[in-house]
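Heads up: the structure comes next, in structure tokens.
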Amino acid sequence: MALRRPETRLGHFSEYLKLCGLKKEHLVSPLFVSENKRSIGAMPGLSISSLDDIEKYAQNISDRGILSVILFGVPSRRSADGKIAMDAEGIVQKATSRIRSHFGSSLTILTDVCVCQYNTSGHCGIADKDGRINNDSTLELLAGIAVSQVQAGADIVAPSAMMDGQVQAIRTKLRDSGVKAAILSYSAKHSSSLYAPFRSAAFAKSRTELDKSSYQVSYANPRQAMREIETDINEGADMVMIKPAMAYLDLIRMAKDTFDFPLAAQNVSGEYAMIKAAGIKGLIDEHEWKVNTLGSIRRAGADRIISYFATDIAEYV
Ligand SMILES: [Zn+2]
């Protein structure tokens, strides 16, 4: 199949993204950070950054004009209670503080607030002895993680655990601790196999196929997605999110029309992997579909788009 080279379409792509209303300031680039750099097999072209070089990775993003990053920690050890996630010397806290001291206020730092990369179960909450996720005892931990990240320099904390009451618990703890940050809540995080490529990078094999449907939203239930968003707005979120993005553009539009509230969408690892894999096989024009995808998410109503393609399409916006 003869696919036109993307350079010949630079003007076309730019024009299209302009029509969609997409600008650089809408884009947020994810950064995985660990003690050591390694490639991610399921996400061709991406790697986990090493803490020692984190400024270099952030610089590469900022050089393309993307001025927001979201940090995901991939720690070298886990604990049963997940409390290492709130360690002031934890991987995300250290990375945040290094980026903050290097860039000052020129880069907006978002941090993922969850326990699944830090506890032994791989679930987003802490389990009781019977194996059931204990929502309320997890809230305290999430709030503690958020405070430690803000103390390290995060501008925006992004709770992704899908525990009921997580926004209110974090809001209260930030206030009581005398620190300020905005909260971007992963309000409607759908239970989906599209997270598998990320999980393969951040989790041991035994934890990549966990069933999180007891606390994540079912894709068969759009009304629940809207209810989750409404609850988070009422609890004090500054921005809400729908995740994944590509198959939920209608919900992005519905949420924007219903709530008229700052809205983010995450173009997740599986969406990245599908486009990359088909592009590598020569089945589709990869650049065209990066551009189409991010343009459509913006057009659907997202004010912020977290995407592994953010830096790739920066030249067109
Ligand atoms: Zn999680």
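Of the residues making up the range 29-44, those that are part of a loop (DSSP other than H, G, I, E, B) and touching a strand residue (DSSP E or B) at 6+ places or on another chain (Cβ under 9 Å) number 4. Every test in (1) buried (at least 19 other Cβ atoms within 10 Å of the Cβ); (2) within 16 Å of the ligand (Cβ to nearest atom); (3) not hydrophobic (A, V, I, L, M, F, W, C) is passed by Ser213 save one, and that test is (1). Of all residues in the range 132-152, those that are farther than 19 Å from Ser214 by Cα have Cβ atoms under 7 Å from Cβ atoms of residues that are polar (S, T, N, Q) and part of a helix (DSSP H, G or I), 6 or more apart or on another chain, in Ser148/Gln93; Gln149/Gln93; Gln149/Thr96; Ala152/Gln93; Ala152/Thr96; Ala152/Ser97. Is it true that some residue in the range 267-280 is under 30 Å from Ala127 (Cα atoms), modelled with pLDDT of 95 or more and more than 19 Å from the chain's Cα centre (by Cα)? Looking through the range 267-280, none of the residues is under 30 Å from Ala127 (Cα atoms), modelled with pLDDT of 95 or more and more than 19 Å from the chain's Cα centre (by Cα). Scanning the range 138-181 for residues that are closer than 18 Å to Ile233 by Cα and of a type in the set (Val, Ile, Thr) yields Ile156, Val157, Val167, Ile170, Thr172. Quick check: anything in the range 66-75 small (Gly, Ala, Ser) and either within 19 Å of the chain's Cα centre (by Cα) or modelled with pLDDT under 95 (or both)? Checked against the condition, which is being small (Gly, Ala, Ser) and either within 19 Å of the chain's Cα centre (by Cα) or modelled with pLDDT under 95 (or both), the range 66-75 yields at least one hit. Counted as qualifying within the range 218-310 are the helices (runs of 4 or more DSSP H) with 1 or more residues that are of a type in the set (Ser, Thr, Tyr), under 19 Å from Tyr186 (Cα atoms) and in contact (Cβ under 8 Å) with a residue 40 or more places away in the chain, namely 222-235, 269-280.
Ser14 meets the conditions (1) buried (at least 21 other Cβ atoms within 10 Å of the Cβ); (2) part of a helix (DSSP H, G or I); (3) in contact (Cβ under 8 Å) with a residue 60 or more places away in the chain; (4) among the small types (Gly, Ala, Ser) in every case but one. The failed one is (1).
Scanning the range 29-61 for residues that are buried (at least 20 other Cβ atoms within 10 Å of the Cβ) and of a type in the set (Gly, Ala, Ser), which turns out farthest from Ser105 (Cα to Cα)? This residue is Ser34. Taken over the range 242-266, the criterion of being of a type in the set (A, V, I, L, M) and either under 19 Å from the mean Cα position of the chain (by Cα) or at pLDDT below 95 (or both) is satisfied by Ile242, Ala245, Met246, Ala247, Leu249, Leu251, Ile252, Ala255, Leu263, Ala264, Ala265.
The values are calculated or read from the model by the stated rules, or taken from the named source; none is laboratory data. On a predicted model such as this, the values are computed, not experimentally measured, just so you know. Note that we place each Cβ from the backbone using ideal geometry, even for glycine, and neighbour counts take in every protein chain shown.
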